[in-house]
Amino acid sequence: MVSLLACLGMAGSLWAAPAADGTAASGRLVRDGVAIDFEARPARGGPGLTEGMLADIRFSVTDAASGKPLTGLAPGAWLDLAQVIAGREGEQRECKDKISLYLKGVVGVRPMLDLNSYYVLVLNKDPSITVIDPLMSVAGVTSTLTRIVLKRPPMDWTKSADGKHLFVSMPGAGEVAVVDAADFKVVGNVAAGANPVRVALQPDGRYLWVGNNSPLAPRSGVSVIDARRFEPVEFLATGTGHHEIAFSADSRHAFVTNRDSGTVSVIDTATLEKLRDIRTGPRPISAALSPLSRALYVADGEAGTVTVIDAKSLATRKVIQARPGIGPVRFSPDGRYGFVLNTAENVATVIDAGSDEAVHRIDVAAEPYQVTFTSAYAYIRGLASERVTMVSLSSLGKGRTPTVQSFAAGAEAPKLAGDLPIAESLAAKADESSVFVVNPANNTTYFYMEGMNAPMTGYLNRGHTARAVTVIDRSMREAEPGVFTSQVVMPAAGRFDVAFMLDRPQILHCFSAEVAPGAASTERLAAPRLEFLPAPAAQVAPAAVPVRFRLVQGADDAPREGVTGLSVRYFLAPASPPRQAAVREVGEGVYEALVQTLESGAYYVHVDAGALKLHSGSQPYMTLRALPAKGAGAAVQTVRRAD
């Protein structure tokens, strides 16, 4: 962070205006031998940038003298409405001030679009997903951005090939929910057969495959869904029992395990026809493909074997003998080493895909059941231990001694929570040098950075019960050498600062983009809006704290008077039973409720106006912090959710 803040003193000397032809916003900066070309253009074509449209943001970084692309950089970028613009120097100074606040993660000064951001999504036991912004903290109490409401409790999830959608299986609904990863809203529910559990996306991103764990043989198999159109395509009965799904690297074949039938079904993804069933043992429990060896590895829990199947010829190459009790098998990112977890013996067997032989037996966390990877480590989670085992990938190999470490993610074993989904409780961060780990027993998601002895922080899941975790990456990507891109939805109309920051050499510059009003502006202005008013300092607990909010509507923020059916719901963090407070109108669109802070702590206050279609889950909320009798008054803060 120090090096990033140092950049703030190195503003560029040039100023860029929107392109004269109106087709895009663009600009160019040359400084310290580096040329930075900026462009914002409609992703699907059009005469200009419009609110609500999908836009391509592009920065090209080259050597100013030779034009050669500069690679291996990690630039930062933010997009926010321009404010207090008073000449070129004033604009640069305003940009620096705002970015300084963005980097500090100060509540209330977040940019409208952070092109370096990432979000942590927590799968809950109830029908919901909690969205955490790790860079935001509300009065030191919470980093929860919003929650996504689902139709039924979730079981598994996976991301689309472009990372813009999340597919969530809901066995109780017989459907897969499609979540827009840009605005964190459910955009559809797709029929997915009987008891849909495991979800997997084939490598080319064309089809989503869903395992149907029906007790009836004719309904047990896989449902195939078009992952781009969100429509069901086909169902194939493959066999009975739980189904795990893997694919050949070229997406030509899908492999579906049938745990109770003792087979692996091979499906042609082009014709969606089952080619054959391969017997791999009495109880095939897991399967994974190594792109390095171009083979499928099927673990049989009863026989204790790993069957190696050539992904092209579909012939069995080898049967590797391990021990009964083995379960999940997963490969490192490069496909070299496969980890086969043995829940009964608390061991991970490591298979070298180069020779198809077991090269290590490593003692790991008790009752191992999940493994995930960064570029440097394998992380293994145990059901019966609070500790996470780390195995250095660079230390593996025949005749070598693996380097093994561990850290505690909480103080309780995950299995104490019960009712766990099959979705993973570990997820690697975008930079691949850290992980998030959910401990369902204490409802906390821990952030661990490689090289530390313990997690750096933990995120409580207030009001819900955490079960699994994944990461949504919003950062720019190097699409080609020296070209960094991101695709975003333009959030509003107006003039925007597009701030770009480079660490080496230290450069910060603000470009400019004009966004025209769209249909969203008209709809937003026409809809009623809610805003909390500053609250008085609360007395020490217990106390009755008056909370006021205003309802307005239209472009002129006209007060919305005479609204009935309003209610205020509040609870004491982390998860006390919610209470209701009566609401009365005090005039000019302002309404008031008395919140009873019976105990010290943090209170969350929500307004529900069902008659106006203003529901608490998508509206601003207030936090009240009541101190014990010996302390001072309560601190009050208002937080706005991202729309």
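Out of residues 5 or more away from Arg283 or on other chains, whose amide H comes under 5 Å of its own, with H placed 1.01 Å from N in the peptide plane?
Amide H to amide H, under 5 Å and 5 or more residues apart or across chains, Arg283 pairs with Gly301, Glu302, Ala303.
Residue by residue through the range 27-39, which ³J(HN,Hα) values in whole Hz follow from phi under the Karplus form 6.51 cos²θ - 1.76 cosθ + 1.60 (θ = phi - 60°), with glycine and proline marked x?
x, 9, 10, 10, 7, 6, x, 10, 10, 10, 10, 10, 8
Given an 8 Å cut-off on Cα distances and at least 6 residues of separation, report the relative contact order of the range 150-249 as a percent.
Relative contact order for the range 150-249 comes out at 20 percent.
If I take R0 = 25 Å and measure r between the Cβ atoms of Val489 and Gln596 in this structure, what FRET efficiency does the formula 1/(1 + (r/R0)^6) give, to the nearest 0.05?
The computed FRET efficiency comes out at 0.05.
Taking the Cβ-Cβ separation of Ala366 and Ser66 as r and a Förster radius of 41 Å, what is the calculated FRET efficiency to the nearest 0.05?
0.10
Once phi is turned into ³J(HN,Hα) by the Karplus curve 6.51 cos²θ - 1.76 cosθ + 1.60 with θ = phi - 60°, what whole-Hz value does each residue of the range 203-213 show in order, with x for glycine and proline?
x, 7, x, 6, 10, 9, 10, 10, x, 9, 8
Can you give the Rg to Rh ratio for the range 378-495, taking only C-alpha atoms and Rh from Kirkwood?
1.08
Using modelled backbone amide H atoms (1.01 Å from N, in-plane), which distant-in-sequence or interchain residues come within less than 5 Å of Ser433's amide H?
Amide H neighbours of Ser433, under 5 Å, 5+ apart: none.
Calculate the radius of gyration of the Cα atoms of the range 339-432 to one decimal place, then report Dmax, the largest Cα-Cα distance, as a whole number, both in Å.
When restricted to Cα atoms, the range 339-432 yields Rg and Dmax of 13.4, 41 Å.
For the pair Arg228 and Glu585, how long in nm is the line joining their label points, each one 7 Å along Cα→Cβ?
A separation of 5.3 nm, rounded to one decimal place.
For the residue pair Ala629 and Asp310, what label-to-label distance in nm results when each label sits 7 Å from Cα along the Cα-to-beta-carbon direction?
Each label point lies 7 Å from its Cα, and together they span 8.1 nm.
Could you list which residues have their amide H under 5 Å from that of Val233, counting only those 5 or more apart in sequence or on another chain, with H placed in the peptide plane?
Residues meeting the amide H criterion: Val224, Ile225, Asp226.
So if I take the alpha carbon set of the range 375-427, get Rg, then get Rh from the Kirkwood formula, what is the Rg over Rh ratio?
Result for the range 375-427 is an Rg/Rh of 1.06.
Return one quarter of the surface area of the convex hull spanned by the alpha-carbon atoms of the range 262-320, equal to its mean projected area, in nm².
3.9
Read phi for every residue in the range 394-406 and hand back ³J(HN,Hα) as whole Hz from Karplus 6.51 cos²θ - 1.76 cosθ + 1.60, θ = phi - 60°, with x for Gly and Pro.
Couplings: 6, 8, 7, x, 4, x, 9, 10, x, 8, 10, 10, 7 Hz.
Along the Cα→Cβ direction, 7 angstrom out, place labels at Arg323 and Asp419. What is the inter-label distance in nm?
Spacing of the two 7 Å Cα→Cβ label points: 3.5 nm.
Could you grab the Rg to Rh ratio for the range 150-249? Cα atoms only, Kirkwood for Rh.
0.95
Sorting check: for 219-231, 65-77, which peptide has the highest mean count of neighbouring beta carbons within 10 Å, and how do the rest follow?
So the peptides 219-231, 65-77, ranked by packing, come out 219-231, 65-77.
Output the Kirkwood hydrodynamic radius of the range 448-514, Cα pairs only, in Å rounded to one decimal.
Averaging 1/r across every pair of different Cα atoms and inverting gives 16.7 Å.
Quick note: the coordinates plus some simple rules give every number you see, no bench work behind them. As the structure is a computational prediction, the values presented were derived from the model and not from experiment. Neighbour counts run over all protein chains shown; Cβ positions are idealised from the backbone, glycine included.
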